[in-house]
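Please read the structure below before turning to the comments.
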Amino acid sequence: ISGATQEMERVKRILERLCPETLIFLKVKDLYRVTEHPMPAEMSKAATLELAEILQSSGFGLAPDFRFHSLKPDLDGGIVIYRNGSHAISEVSRDFQVIGTLIRLGSLVSQVDGKLHPGGESILSNLVSDSKLRSGEKSSLLAFVHWCVRTPQAKTGLKQRLADLNTREKKAISNVLISVANADGLIDKKEIREIEKLYELLG
C-alpha cells in the first residue's frame, strides 16, 4: 500500500470516529489538528478547496463548501463535515442555488435575537428534505443549514444572488422567511425589521 493510500485511510478512520452519524459541527482548527494536515494562515479559497478534496477522498463533504455555497469558513470559526458516501457532487442545479440563498436569508432572520431556534432550523431542513434535489445536493444543503444557523451570517454577496431570482422564486422565499420568523410562535420587532431589510433586497 502506498504512503498516499495509507494516509487517506488514516484520515478516513479519524473522520469516521469524529462523525459517527450523519454530520457534525467542528472547530476548523480542530479538524486540521486531528487530520494532521498543515494549517493555513487563513481560510483562502485555495485552502478551502484543498480541505474539501481531502474530505471528499475519504467519503465526506463539508459546509460551507466554496464550490457550491460561495462561502468560506473562518479559521477561528466552525465547519460542518458530513458523510456523503457515493453521493459526492461536482456541480449543482439552479434549485440548489435558490434554496442555498433561502437558507442564508432564513438564518439571518433566525439569528436576530442571538439565539438558536430549533423551529427555524427545522423549517429550513424540511424545505431541503422535501425538495426534488438529488441526494448529494440534499446532503450538502442539510449540512449548510446546520452550519448557517450556528454561524453568524452576513449579507455579503446576497444582493447579486437575489438579483438572479425570478418573481416566483422571490415570492416563495418571502413566504418562508415569515415562517422562520414565526417558528417560535412570536415575531418580535427585531425580526420584523430584519425581514423588512431582506424584503427590500428582494425588491
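The values are calculated or read from the model by the stated rules, or taken from the named source; none is laboratory data. Here the structure is a predicted model, which is why all the values come from computation and not from measurement. Every residue, glycine as well, gets a Cβ built from its backbone with ideal geometry; the counts of neighbours run over all protein chains shown. SASA here: full protein model, heavy atoms, side chains in, ligands and nucleic acids out. Shrake-Rupley method; radii C 1.70, N 1.55, O 1.52, S 1.80 Å.
What is the helix-to-structure angle for 135-150, meaning the angle in degrees between its Cα long axis and the longest Cα principal axis of the chain, kept from 0 to 90 and rounded to the nearest 10? Once rounded, one gets 70 degrees. With contacts taken as Cα pairs under 8 Å and at least 6 residues apart, segment 100-152 reaches a relative contact order of 52 percent.
Ranked from the most accessible area to the least, with a 1.4 Å probe and all protein chains present, what is the order of Lys159, Lys12?
On the way: Lys159 155, Lys12 75 Å².
Result of the area sort, largest leading: Lys159, Lys12.
Taking all protein chains as shown and a probe of 1.4 angstrom, Glu9 keeps an accessible surface of around 80 Å². For the pair Ser93 and Glu50, a Förster radius of 35 Å applied to the C-beta separation gives a FRET efficiency near 0.90, rounded to the nearest 0.05. Pairs of Cα atoms nearer than 8 Å and 6+ residues apart set the relative contact order; for the chain it is 21 percent.
Backbone geometry of segment 28-43 corresponds, through the Karplus equation with coefficients 6.51, -1.76 and 1.60 at θ = phi - 60°, to 3J(HN,Hα) couplings of 4, 5, 5, 5, 5, 5, 6, 8, 6, 8, x, 7, x, 5, 7, 7 Hz, x marking Gly and Pro.
So for segment 51-129, considering every pair of alpha-carbon atoms, how many percent are separated by more than 15 Å?
Numbers: 1973 of 3081 pairs.
I get 64 percent for the Cα pairs in segment 51-129 exceeding 15 Å.
Helical runs (DSSP H, four residues minimum) scored at -39500 (n - 2.57) apiece and divided by the length of the chain put the mean residue ellipticity at 222 nm at -18500 deg cm²/dmol.
When the chain is treated as a GNM with alpha-carbon contacts under 10 Å, the residue of Glu191, Glu91, Glu16 showing the greatest mean-square fluctuation is Glu91.
When the Cα positions of Leu62, Asn166, Val80 are compared along the charge dipole of the chain, Asn166 comes out farthest toward the positive end, with charges on each C-beta of Lys, Arg, Asp and Glu.
Measure off, as a whole percent, the carbon and sulfur share of the 1.4 Å-probe accessible area of segment 92-141, all protein chains present.
On the way: 1020 of 2090 Å².
Answer for segment 92-141: carbon and sulfur cover 49 percent of the accessible area.
Ordered by 1.4 Å accessible area with all protein chains kept, Ser131, Ser70 run largest first as Ser70, Ser131.
Largest accessible area first, the listed residues His69, His37 line up as His37, His69 when surface is computed with a 1.4 Å probe on the assembled protein chains. Put simply, the convex hull of the Cα atoms in segment 96-203 casts, on average, a shadow of 6.1 nm². Model label sites at Gln160 and Ala41, defined 7 Å from Cα along the beta-carbon direction, differ in position by 2.5 nm. Entry note, segment 1-119: relative contact order of 26 percent, from Cα contacts under 8 Å with a spacing of 6+ residues.
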